[in-house]
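> Please see the structure below; I have some questions.
Laboratory data are not the source of any read-out in this text; all were calculated from the coordinates shown. In this text the structure is predicted, and so the values were computed from the model without any measurement. So basically every Cβ, Gly included, is an ideal-geometry build from the backbone, and we count neighbours across all protein chains shown.
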Amino acid sequence: MASNLKNLSSYDPGKIPDASDMKFGIVVSEWNQEITSSLLKGALDTLHKHGAKDENIEVRWVPGSFELTLGGQFFAEYRDVDAVLCLGCVIQGETRHFDFICQGVSYGITDLNLNNNIPFIFGVLTTDTQQQAVDRSGGRHGNKGDEAAITAIKMAALQREMEN
Ligand code: DLZ
């Protein structure tokens with residue numbers, strides 16, 4: 001469903017597993033930092049709301065969305081985490097850079113999921129305008145950071161359920 005029809009922050013709280021013993025890595029892009037900081041805040045608030053503890057959440061910044069995949073890979077290699085949230089914002093400019101970054105990060109995150117057997121969450125806004133990004137990072141369409149956190153908790157819980 002297109003996000004102009006859906007609030008990214010709306011979910012049924014009764015259906016979210018408890019995250020009090022889950023560990024999370026969060027990789028955030030410095031590009032469009034005023035937007036990505038809001039995504040990060042949404043993700044942290046939502047993880048905490050569902051029981052995640054500060055000591056079980058590690059945040060690392062990378063220069064741009066293109067670097068989210070390698071930042072995510074570092075979590076898989078060097079940390080013991082149940083899920084990794086990748087947060088970024090790519091805004092359409094005058095050149096084709098937008099397409100290459102979006103393609104790189106979406107394929108990259110798919111590869112991370114399949115090659116590491118833990119969930120990596122696509123928390124990247126890809127918008128035509130700055131206003132669309134504002135609307136989806138704590139504005140009138142909610143916050144994609146909240147959505148990323150809920151997805152991380154659900155996928156980490158699914159993995160536990162299926163491997164046990
Ligand atoms: C270079 C670039 C441009 C033009 N736009 C964005 C953007 O809108 N969002 C974003 O996260 N990053 C952007 N970048 C930076 C690239 O992601 C990357 O950091 C550089 O190309 C260096 O690899």
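> Out of the trypsin sites (Lys or Arg not before Pro) in the range 1-101, which ones are loop residues according to DSSP with at most 15 other C-beta atoms within 10 Å? Before the final figure, lay out each step's value.
Values: sites: Lys6, Lys15, Lys23, Lys41, Lys49, Lys53, Arg60, Arg79, Arg96; in loops: Lys6, Lys23, Lys53, Arg79, Arg96.
Those that pass, being in a loop and sparsely packed, are Lys6, Lys53, Arg79, Arg96.
> A follow-up question, please. Quick check: the angle from helix 33-49's long axis to the longest principal axis of the chain, C-alpha only, nearest 10 degrees?
That helix lies at roughly 20 degrees to the long axis.
> May I pose another question? What size of dipole, in debye to the nearest 20, comes out for the range 1-153 about its Cα centre when the only charges are +1 on Lys and Arg C-beta atoms and -1 on Asp and Glu C-beta atoms? Don't jump to the answer; show the numbers that get you there.
Working: 12 positive and 20 negative charges, 61 e Å.
Rounded to the nearest 20 debye, it is 300 debye.
> Let me ask another. To test your reading of the geometry: what angle, between 0 and 90 degrees and rounded to tens, separates the Cα axis of helix 144-163 from the longest principal axis of the chain?
The helix 144-163 is inclined about 30 degrees to the chain.
> Using the structure shown, select from Lys6/Lys41; Lys15/Lys53; Lys15/Lys49; Lys23/Lys144; Lys6/Lys53; Lys49/Lys154 the pairs with a Cα to Cα distance greater than 18 angstrom. Could you put the intermediate results ahead of the total?
Values: Lys6/Lys41 20 Å; Lys15/Lys53 20 Å; Lys15/Lys49 13 Å; Lys23/Lys144 20 Å; Lys6/Lys53 29 Å; Lys49/Lys154 14 Å.
Over 18 Å Cα-Cα: Lys6/Lys41; Lys15/Lys53; Lys23/Lys144; Lys6/Lys53.
> Right, next: Can you list residues from other chains, or at least 5 along the same chain, whose modelled amide H is less than 5 Å from the amide H of Val124?
Amide H neighbours of Val124, under 5 Å, 5+ apart: Gly88.
> Taking the Cα centre of the chain as the origin and placing charges on Cβ (Lys, Arg +1; Asp, Glu -1), which of Ile153, Leu8, Val84 is farthest toward the positive end of the dipole?
About the Cα centre, the residue reaching furthest to the positive side is Leu8.
> Here is a further query. In what sequence do Phe24, Phe100, Phe66 fall when counting other Cβ within 10 Å, fewest first? Write down the numbers at each step before the final one.
Values: Phe24 27, Phe100 12, Phe66 19.
Going from sparsest to densest Cβ surroundings: Phe100, Phe66, Phe24.
> I need the shape label for the chain. Rule: rounded when a/c is under 1.5, else prolate if a/b > b/c, else oblate, with a, b, c from the alpha carbon gyration tensor.
Values: a/c = 1.77, a/b = 1.28, b/c = 1.39.
Oblate is the answer for the chain, as a/c is 1.5 or above yet b/c matches or exceeds a/b.
> Okay, moving on. Just want the ordering: Thr127, Thr151, Thr46, from fewest to most Cβ atoms lying within 10 Å of their own Cβ.
Working: Thr127 20, Thr151 17, Thr46 23.
By the 10 Å Cβ count, ascending, the order reads Thr151, Thr127, Thr46.
> Let me ask something else about it. Tell me, Glu67, Glu147 in order of fewest to most beta-carbon neighbours within 10 Å? Numbers along the way, then the final one.
Working: Glu67 21, Glu147 25.
Lowest count first: Glu67, Glu147.
> Could you tell me how many degrees, from 0 to 90 and to the nearest 10, lie between the Cα long axis of helix 68-78 and the main elongation axis, the longest principal axis, of the Cα atoms of the chain?
Once rounded, one gets 20 degrees.
> How much net charge surrounds Gln73 when only other residues with a Cβ under 15 Å from its Cβ are counted (Lys, Arg +1; Asp, Glu -1)?
Values: positive: Arg60, Arg79; negative: Glu58, Glu67, Glu77, Asp80, Asp111.
Overall, the nearby charge balance is -3.
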